[in-house]
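A.B. asks: Got a structure here, written out as C-alpha cells. Questions coming.
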Amino acid sequence: MLGEYRITGRGAAEIAASVEQAVGAGQLQPGQLLPPMRQLADRLGVNPNTVAAAYRTLRERGVIETAGRRGSRVRPRPATTGREQLRVEVPPGGRDLSTGNPDPALLPRLAPALAAAAERSDGRPVLYGDDPVDAGLARVARAELDADGVPAGPLTVTSGSLDAIERLLAAHLRPGDTVAVEDPGWGSLLDLVPALGLHTAPVGVDDDGPRADDLRRALESGARAVIVTDRAQNPTGASVTATRARALRAVLRDHPETLLIEDDHGHGIVDLPLHPLAGTTRHWAFARSAAKAYGPDLRLAVLTGDPVTVDRVRGRQRLGPGWVSLLLQRTVAHLWTRGAVDRAAVAESYRTRREGLVDALAERGVVAHGRSGMNVWVPVPDETAAVARLVQAGWAVAPGARFRLASPQGVRVTVSPLTEADIAPLADAVAAAVRPSPARAYG
C-alpha cells in the first residue's frame, strides 16, 4: 500500500508529521491510499484514537482526504505539494509562457517612490501603536472604490490578495465548511482552501464570469462562502459583465448569510468596467492588489468590507504580523497618486497581445478565451499531450491541471512575453498541438 515508506510515531503529532514529511518529499504520492486506522494503530502499538487524531490533523492541513469506507488517501493536490510544482521545463532557446507574470517593461520604476516613502519615514519613523493604514493610501483607494461602485466600508491592508482571502476565510469559517470556487480558477487559491481544512465546491466559468446556476447549486448544497474574480480571471481571462453580475446578485440575495469575497487583482491592467457584487450579502469583502500593475514584489492589497468582517481581519492581523509595512503602503500610494502607470496604455498592450493570439487561433480553427488580463485559456482534449508538443516546438505553457477541479482540460498561455512577431508561429504551434479542435464550453 505504501511501498517502501513506513509511517512512524507514537503520538498523533508525530504520526501526522511522518505522513506530511513523506508527502512533501515525494515518498507518498498524490492519491496514494493510507492504511486503515486500526491497522496502522496495531502496527505502531498505539490506540486507534491516536491514529484517528493524526488523520484528522492531516485532513485539516489539506494533506489527506477521507471517503468513508473507501479510506483515507493523499490528496490529489496536497497542501505540502502546491500546484505550482506542476511546472514545465523550458527547452533551451524556448519561450516561457507559463508563469502568469506581468511584462516587466510595463511595470513602473520603484526607486523614486521608495525614496519618497523612505524620506517621509526618516522624518517621522513608524512606531508601535501608529495607525496601521497609511492615510494617503486610504484616501486614493477609497476614492477609486467609490468611483467603481464598491460600497462604503472600513478599510485595511493585507500582504496581497491571497493573504486577504486566507484571513477572510479564517475569520468566518471552520474546518469542514465548504467554499464555492471558480473552476477553472487560481491554482494558489485551490491549494489554500483545503490547506485550511475547508472543502471546495466548483463553480463553472465562462467569458462573463462564474455561472449563476452553478453558484446556486453550490450554495444550496451548503457552501458558506464564495470567491469571485471580477476581472482578469486566472486562468481564463473572464470578466464579470453587468448582466452576469445581476444574475449572481440574485443568487446571493437568496443566501444572505454567505461570505462573499471579491478579488480585483486586475485593477490597473484592464480596460473593462468593474461590476461589483459587494454588499449583496451580510458579510462581504473586496480586495484590490497592487501586484499586477505595480510589481509582484509589492505584497500589498487594499481590503474593504462590512465592519464585522474587516474588524476580525484587523484583530487577527494585530496578533500576528501587526501591520503591512507603511513604507510599502506609502510607496504604493506614491505610485497610485503620481500616475506612475499609464493604465490605458498597459491595458491596451495586454489586450493587443491577448486578442491577437485569440484571433490567430480562431483563424486556425482553435477556440480560445481571454476577455481581460494577461492570460489566454485554450481548451484541449489532452493537456499532457498538448503541453509536451508545445515544449517540443519551443513553447512552455502551463498545464490546466494547475487550475482545474472538475472542469475540462486546457492549457494557460501567458501573453506578457509575446511580441507581435510571436503571434503567428505560436498560433501555428498551438493549433498543431491541440488537434482536434475542442468544443466551446470550458467550465
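A.B. asks: Got at least one residue in the range 379-399 being closer than 30 Å to PRO194 by Cα, under 19 Å from the mean Cα position of the chain (by Cα) and in a loop (DSSP other than H, G, I, E, B)? First the steps, then the outcome.
C.D. replies: Going residue by residue through the range 379-399, those that are closer than 30 Å to PRO194 by Cα are 379-388, 396-399.
The next check asks that each one be under 19 Å from the mean Cα position of the chain (by Cα); those that pass are 397-399.
Now narrow it down to the ones that are in a loop (DSSP other than H, G, I, E, B): 397.
For the range 379-399, residues closer than 30 Å to PRO194 by Cα, under 19 Å from the mean Cα position of the chain (by Cα) and in a loop (DSSP other than H, G, I, E, B): present.
A.B. asks: Of all residues being among the small types (Gly, Ala, Ser) and surrounded by fewer than 18 Cβ atoms within 10 Å (Cβ to Cβ) in the range 341-372, which is farthest from ASP264 (Cα to Cα)? Just the residue, please.
C.D. replies: So the first thing to find is which residues in the range 341-372 are among the small types (Gly, Ala, Ser), and the list is 344-345, 347, 349, 356, 360, 362, 365, 368, 370, 372.
Checking which are surrounded by fewer than 18 Cβ atoms within 10 Å (Cβ to Cβ) leaves us with 344-345, 362, 365.
On the way: ALA344: 17, ALA345: 19, ALA362: 28, GLY365: 32 Å.
Out of the qualifying residues, it is GLY365.
Per-residue answers, yes or no, for (1) buried (at least 19 other Cβ atoms within 10 Å of the Cβ); (2) more than 29 Å from GLY24 (Cα to Cα):
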site	(1), (2)
VAL140	no, yes
VAL157	yes, yes
GLY176	no, no
THR236	yes, yes
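A.B. asks: Right, next: Can you report the number of residues in the range 282-299 which are closer than 17 Å to PRO154 by Cβ and not in a strand (DSSP E or B)?
C.D. replies: First, the residues of the range 282-299 that are closer than 17 Å to PRO154 by Cβ: 282-288.
Imposing the further condition that a residue be not in a strand (DSSP E or B) reduces the set to 282.
Going through the range 282-299 one residue at a time, the tally reaches 1.
A.B. asks: Pick from the range 110-126 the residues that are of a type in the set (A, V, I, L, M) and in contact (Cβ under 8 Å) with a residue 12 or more places away in the chain: which of them is surrounded by the fewest Cβ atoms within 10 Å (Cβ to Cβ)? I'd like the intermediate steps shown before the answer.
C.D. replies: Within the range 110-126, the first condition is being of a type in the set (A, V, I, L, M), and the residues that meet it are 110-111, 113-118, 126.
Add one more test, that the residue is in contact (Cβ under 8 Å) with a residue 12 or more places away in the chain, and what stays is 110, 113-114, 116-118, 126.
Working: LEU110: 18, ALA113: 23, LEU114: 16, ALA116: 16, ALA117: 24, ALA118: 13, VAL126: 17.
Looking at the filtered set, the residue picked out is ALA118.
A.B. asks: Quick check on the range 181-192. Is at least one of its residues of a type in the set (Val, Ile, Thr), buried (at least 19 other Cβ atoms within 10 Å of the Cβ) and either out of contact with any Pro (no Cβ under 7 Å at 6 or more places or on another chain) or at pLDDT below 95 (or both)?
C.D. replies: First pass over the range 181-192, keeping only residues of a type in the set (Val, Ile, Thr): 181.
From what's left, buried (at least 19 other Cβ atoms within 10 Å of the Cβ): 181.
If we keep only those that are either out of contact with any Pro (no Cβ under 7 Å at 6 or more places or on another chain) or at pLDDT below 95 (or both) as well, we get none.
Within the range 181-192, none of the residues are of a type in the set (Val, Ile, Thr), buried (at least 19 other Cβ atoms within 10 Å of the Cβ) and either out of contact with any Pro (no Cβ under 7 Å at 6 or more places or on another chain) or at pLDDT below 95 (or both).
A.B. asks: Still on this structure: Looking at ARG404, ARG371, ARG440, can you tell me which residue is of a type in the set (Lys, Arg), part of a loop (DSSP other than H, G, I, E, B) and modelled with pLDDT of 95 or more?
C.D. replies: Working: ARG404 fails: modelled with pLDDT of 95 or more; ARG440 fails: modelled with pLDDT of 95 or more.
Checking each option against the conditions leaves just ARG371.
A.B. asks: Okay, moving on. If you take just the helices (runs of 4 or more DSSP H) that sit entirely in the range 7-80, which of them hold at least 1 residues that are buried (at least 20 other Cβ atoms within 10 Å of the Cβ) and modelled with pLDDT under 90?
C.D. replies: Values: elements: 12-25, 37-44, 48-60.
Qualifying helices (runs of 4 or more DSSP H): 12-25, 48-60.
The values are calculated or read from the model by the stated rules, or taken from the named source; none is laboratory data. Note that the structure is a prediction, hence the values are computed from the model and not measured. Cβ atoms come from the backbone with ideal geometry, glycine included; neighbour counts cover every protein chain shown.
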